[in-house]
1. So Val417 passes all but one of these: (1) farther than 27 Å from Glu393 by Cα; (2) surrounded by 14 or more Cβ atoms within 10 Å (Cβ to Cβ); (3) out of contact with any His (no Cβ under 8 Å at 6 or more places or on another chain); (4) at pLDDT below 80. Which condition number does it fail?
2. So His560 clears everything in (1) more than 20 Å from Val409 (Cβ to Cβ); (2) surrounded by 17 or more Cβ atoms within 10 Å (Cβ to Cβ) except one condition, right? Which one?
3. Determine, yes or no, whether Gln338 is open to solvent by 40 Å² or more (accessible area, probe 1.4 Å), under 24 Å from Val72 (Cα atoms), outside any strand (DSSP E or B) and of a type outside the set (D, E, K, R).
4. Identify, please: which residue in the stretch 13-47 is closer than 23 Å to Asp90 by Cα and β-branched (Val, Ile, Thr) and is, among those, surrounded by the fewest Cβ atoms within 10 Å (Cβ to Cβ)?
5. State all residues of the stretch 279-297 that are in a strand (DSSP E or B) and either over 28 Å from Gly353 (Cα atoms) or within 18 Å of the chain's Cα centre (by Cα) (or both); if no residue qualifies, say none.
6. Only one of these conditions is not met by Arg280: (1) modelled with pLDDT of 85 or more; (2) of a type outside the set (Ser, Thr, Tyr); (3) open to solvent by less than 40 Å² (accessible area, probe 1.4 Å). Which number is it?
7. Given the residues Ala330, Ala356, which is the only one that is small (Gly, Ala, Ser), open to solvent by less than 20 Å² (accessible area, probe 1.4 Å) and without any contact (Cβ under 8 Å) to a residue 24 or more places away in the chain?
Amino acid sequence: MANVLPYRPKAGEIPTDPGVYRFRDAAGRVLYVGKAKNLRARLSNYFAPLHTLHERTRRMVTTAASVEWTVVPTDVDSLQLEYMWIKEFDPPFNVRYRDDKSYPFMAITLGDEAPRVIVTRNRRISGAKYFGPYPKVWAVHETIDLMIKVFPIRTCSDSSYKKAMASGRPCFPGQIGRCGGPCSMKVTIEEHRAIVDDFVAFMAGGDQRFARDLTARMREASAAMDYESAALYRDKLQAIDAVLNKSALVLDDAMDADLFGIAEDELAAAVQHFVVRGGRIRGVRATTIEKEIDIAGADLVDQVLQRAYGDAAAADIPRHVFVPSMPEGADELEQWLQDRRGKRVTVQVAQRGRKADLMKTASINAQQALMLHKTRRTSDYVARSQALTDLQEALDLPEAPLRIEGYDVSHLSGTNVVASLVVFEDGLPRKDQYRIFGVAETTDDTDSMYQVLTRRLAHLDHPDEADEPVPDATADGEVVTTRKRPRFAYRPQLLVVDGGKPQVDAAARALADAGHSEIPLCGIAKRLEEVWLPGEEYPVILPRTSEALYLLQRLRDEAHRFAIVHQRKRRKRDITSVLAEVPGLGDARIKALLRHFGSVASLKQATPEQIQELPGVGPRLADAIHRHLSSG
């Protein structure tokens, strides 16, 4: 592979001004769009020696055949132009968004002659004002039922409205008093529009003036002994209280803000957008992002905000925007938002108080959404079948790997070394076939991997030796001995090790020495999600949206989790067994020592004075613990 790209511009050709750049392939398709305060400085990163680039950045620049740029006057202009081009060209190497379409919205059709309120999932109704999304359809209907008691606006269909206006007979909601639209003959179109405006104003911020106004009217009617009107105002006031109580006050009641909780890994990210108006959460928007090129942290926040507000109306942009980390060029982002809103906008990190608590809630929801997204992909039958087919093609396997075994090694500073074996069959975990190996003596992780695979492969050649007699009881109580096929007698169709080239080479040696080089092998490196094959100089790079990569990632993570769990159990068991030999040291104090020092090695390095700092450990007991560990 050439280390210099043929289309690389000369250094003096790239300006140092702010601007937006586009990478194109040989057919002219835009592959990636980015912005920069200094085009020369940013583009030079892409034309560094190829071996120093992130694997996915390397794949993008080697796929491209040209790069072009457009200089703009300010950083704010570059941000706007980047958003427009990403929307226009939909570049495959920019992040891909998958909006959660399952949640319903409340919409007020302001473009109609007599606007109505409806429940919809359609976000493209011309002139409509949206509120939500809501978690359930019934939650929207319940809110509407309460709101039309206070603001009796139209709820009937367009056909019913037209028929009522033509016939002069009110629609059914108008006949039963659930609509104050013009067809009920109670209000004019202009009066109805004023009620709709109040409805929108209340939903946009929970305006307390409506509650104060109704309270004053109720008291006036009561003082005038107009109890029927007072009861009507009372019912409306209760409806307003019910709507407000359904959305707890999470920030100051005068605060309008958006909070973005983000959870991400190498392949994907989940965004939870909390819409807070009048101090209350008015809606939550969920988005899943498929990453293709290396983007994380502050850069991802920048892209998320562009997506959220690129097409937003001025009224939908709040005064405050809270994010998990500040994007580069936050000042330009604030200016861009201010230009769109017409008023000042601040972008900041929520660091303390109720804002930080709400940000933590949003982040937890994002983590759960990301986990659910990954779980759904790997548990879906079509996705699993596609993953196995993609693996077969990418790794050039003779057949789809219906049985895959994953291995990982875990240790604590070279002690308590354990290795895990996890099994996936037909793309799903078989937890009944998981296994933990203890490694007594080893030089490093590659040696541990070699030992573990050698031991496991031995069962393929001598399956009968692994059969354990299993006593079973018959119906009449007689005990008989049966033999079960050992789980290690099944030949895997793919071995996956956690790690890169060194771990794969160690596993390949074990396969060769065991005489099973016919079993396919690969390794997956966590940092860059590279897939390594034996004897190959460069890794296989699977697309980030590939079902095969999701499967390998989940297999690797499951092997790592299983190894860590048992390594911690072994460490706890070891420290407990050593300390149990000290006279006068009971279970409670052993647990306290374990929590404080974490390992026998750390405890051995502690002085008697440091041990004595623990509650319930006196000078004599501390000396006894120190002597016992020192003598061992």
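1. Every condition holds for Val417 apart from (3).
2. (1)
3. Yes, satisfied.
4. The qualifying residue surrounded by the fewest Cβ atoms within 10 Å (Cβ to Cβ) is Val30.
5. Selection gives Val284, Arg285, Ala286, Thr287, Thr288, Ile289, Glu290.
6. All conditions pass for Arg280, except number (1).
7. The unique qualifying residue is Ala330.
Here's the yes/no breakdown for (1) modelled with pLDDT under 65; (2) out of contact with any Ser or Thr (no Cβ under 8 Å at 6 or more places or on another chain); (3) crowded, with 17+ Cβ neighbours inside 10 Å:
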site: Leu457; (1), (2), (3): no, yes, yes
site: Leu460; (1), (2), (3): no, yes, yes
site: Asp467; (1), (2), (3): yes, yes, no
site: Ala473; (1), (2), (3): yes, yes, no
site: Glu478; (1), (2), (3): yes, yes, no
site: Thr482; (1), (2), (3): yes, yes, no
site: Pro492; (1), (2), (3): no, yes, yes
site: Gln503; (1), (2), (3): no, no, yes
site: Ala506; (1), (2), (3): no, no, yes
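The values are calculated or read from the model by the stated rules, or taken from the named source; none is laboratory data. Everything quoted here is computed from the prediction, not taken from an experiment. Every residue, glycine among them, receives a Cβ derived from its backbone with ideal geometry; neighbour counts consider all protein chains shown. Side chains included, ligands, DNA and RNA excluded: accessible areas come from the protein's heavy atoms. Shrake-Rupley method; radii C 1.70, N 1.55, O 1.52, S 1.80 Å.
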